[in-house]
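Below is one structure; the comments refer to it alone.
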Amino acid sequence: MSSFTRLLRISAGAALCAALLLGAPQASFAQEEAAETSAPFTISMLETVRTRGYVICAATSPLPGFAQVSPEGLWSGFDIDMCRAVAAAVFGDPSRVEFRPLSGQSRFAHLAMGEVDLVIRNAPWTMSRDTLYGATYVATSFFDGQAFMVPDRLGVVSAYELEDVTICVASNSDAARNLDDFFFFNQLGYAEIFYEDREDLAVAYRSGECDAITGSASWLQAIRRTTPDPTSHAILPERLSKEAYGPVVRSDDVEWETIVRRTLYALINAEEYGVTSVNIESMMSARTAAIRRLLGVEDDVGDDIGLRATWIRDVIRSVGNYGEIYARHFGAAAGAQLLRGQNALWLNGGLMYAPPVY
């Protein structure tokens, strides 16, 4: 039995947010007060998921590389593997997950009402999203930001080489404002070509209407994968903004939040310690205490959150470590390599860092 108190209360703020997002009349103060004083549910999220038999995960679709569905209905992508890792942590089986494509503000309403257990990468982490919807971003699984993509024919390897170029950008957007600031501060000449719709931007770039296109690196990566030759386009390393993405859960169940967070941390630590889905069996005999704890050979790091001692071992066997997941969807074998940059381990100059397992 977990040491966490197994109580689940949907906060009045989350319930009110869900009602507003779904178009219901705003609750009165008396109704909010009644929601606060009503008896709590007695079933935790972990118990709910186990009773149901699978995790329900909300994801973006399509966003090539991150989440997409094949004609046969099979999901794949970086975010999809993150969801499967949670299923492996809970059940020891990465296939026990159901994916639901959600977008817009309704994703938080569905989360607040318990229709999904986990939201992965539908929206960047901001203060309002972390405080207004009864939702909690547990940790960052992908660091993103506004970047430039250029065809190889342009012959540039840095954004600071962009001089007297035409750039496709969304009109009336933060991206357009960041673009103006970048070129002003660096005293570089450029011309903007505005489009209102993001798909129009992609079409314009692919047809050669502009020398470069700007937007979040993850979105540019998705466009790049739709070009006839993805390897002939480069996403430049500089970032004009900061965006952090990661798993989102309801704020009323600390145990579930901890399970999801620790699952991500396990993937990062596994890469740091050199434990992969390929060598995991041989690593079981490692003498390094950190690796033995990670794999459940000594100490039980699952008992305090209601999981098996071997849960991290099951996660790595199922989806690999963080680096394996990244390489699977953004490496050279994926056909359009995206340099890890900020998503590299802290040991390699990136921002990926996880607390040690003990």
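Data overview
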item: Residue under evaluation ALA170, criteria (1) over 22 Å from GLU255 (Cβ atoms); (2) open to solvent by 40 Å² or more (accessible area, probe 1.4 Å), criterion not met; result: (2)
item: Strands (runs of 3 or more DSSP E) completely within the range 147-237 that count 1 or more residues being more than 18 Å from GLY331 (Cα to Cα), in contact with a Pro (Cβ under 9 Å, 6 or more places away or on another chain) and among the hydroxyl-bearing types (Ser, Thr, Tyr); result: 212-216
item: Residue pairs meeting the criteria (Cβ under 6 Å; at least 6 apart or on separate chains; first more than 16 Å from GLY246 (Cα to Cα) and open to solvent by 50 Å² or more (accessible area, probe 1.4 Å), in the range 85-104; second modelled with pLDDT of 95 or more and assigned to a strand (DSSP E or B)); result: GLU98/ILE56
item: Restricting the range 81-126 to residues that are hydrophobic (A, V, I, L, M, F, W, C) and assigned to a loop (DSSP other than H, G, I, E, B), the residue that is farthest from GLY323 (Cα to Cα); result: MET113
item: Unmet requirement for ALA135, which otherwise passes all of (1) of a type in the set (A, V, I, L, M); (2) surrounded by 19 or more Cβ atoms within 10 Å (Cβ to Cβ); (3) farther than 30 Å from ILE316 by Cβ; result: (3)
item: Test: GLY296 is more than 20 Å from VAL90 (Cβ to Cβ), surrounded by 20 or more Cβ atoms within 10 Å (Cβ to Cβ) and in contact with a Lys or Arg (Cβ under 9 Å, 6 or more places away or on another chain); result: no
item: Residue check for ASP152: of a type in the set (D, E, K, R), closer than 23 Å to ARG225 by Cβ, in contact (Cβ under 8 Å) with a residue 60 or more places away in the chain and open to solvent by less than 50 Å² (accessible area, probe 1.4 Å); result: no
item: Enumeration of residues in the range 304-323 that are surrounded by fewer than 20 Cβ atoms within 10 Å (Cβ to Cβ) and within 21 Å of the chain's Cα centre (by Cα); result: ARG317, SER318
item: Hits in the range 328-346 - residues which are hydrophobic (A, V, I, L, M, F, W, C) and either more than 17 Å from TYR273 (Cα to Cα) or at pLDDT below 95 (or both); result: PHE330, ALA332, ALA333, ALA334, ALA336, LEU338, LEU339
item: Where SER282 falls short, out of the listed (1) outside any loop (DSSP other than H, G, I, E, B); (2) touching a residue at least 12 places away in the same chain (Cβ under 8 Å); (3) among the hydroxyl-bearing types (Ser, Thr, Tyr); result: (2)
item: ARG129 vs. criteria in a helix (DSSP H, G or I) and surrounded by fewer than 14 Cβ atoms within 10 Å (Cβ to Cβ); result: no
item: Scope the range 329-350; condition touching a strand residue (DSSP E or B) at 6+ places or on another chain (Cβ under 9 Å) and assigned to a helix (DSSP H, G or I); matching residues; result: HIS329, GLY341, GLN342, ASN343, TRP346
item: Residue ID - farthest from the chain's Cα centre (by Cα), chosen from residues in the range 244-280 that are open to solvent by 50 Å² or more (accessible area, probe 1.4 Å) and within 30 Å of VAL116 (Cα to Cα); result: VAL254
item: Test: residue in the range 244-251 that is part of a loop (DSSP other than H, G, I, E, B) and under 30 Å from THR48 (Cβ atoms); result: yes
item: Residue satisfying all of: in the range 172-200; of a type outside the set (D, E, K, R) and at pLDDT below 90; farthest from ARG224 (Cα to Cα) among these; result: ASN172
item: Some residue of the range 68-75 being in contact with a strand residue (DSSP E or B) (Cβ under 8 Å, 6 or more places away or on another chain), β-branched (Val, Ile, Thr) and open to solvent by less than 40 Å² (accessible area, probe 1.4 Å); result: no
item: Selection status of ALA112, buried (at least 16 other Cβ atoms within 10 Å of the Cβ) and over 17 Å from the mean Cα position of the chain (by Cα); result: yes
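The values are calculated or read from the model by the stated rules, or taken from the named source; none is laboratory data. These numbers come from a predicted model, not from an experiment. Neighbour counts are summed over all protein chains in view; Cβ atoms, including those assigned to glycine, are modelled from backbone coordinates with ideal geometry. Please note that ligands, DNA and RNA were not included when accessible areas were found on the heavy atoms of the full protein model with its side chains. Shrake-Rupley method; radii C 1.70, N 1.55, O 1.52, S 1.80 Å.
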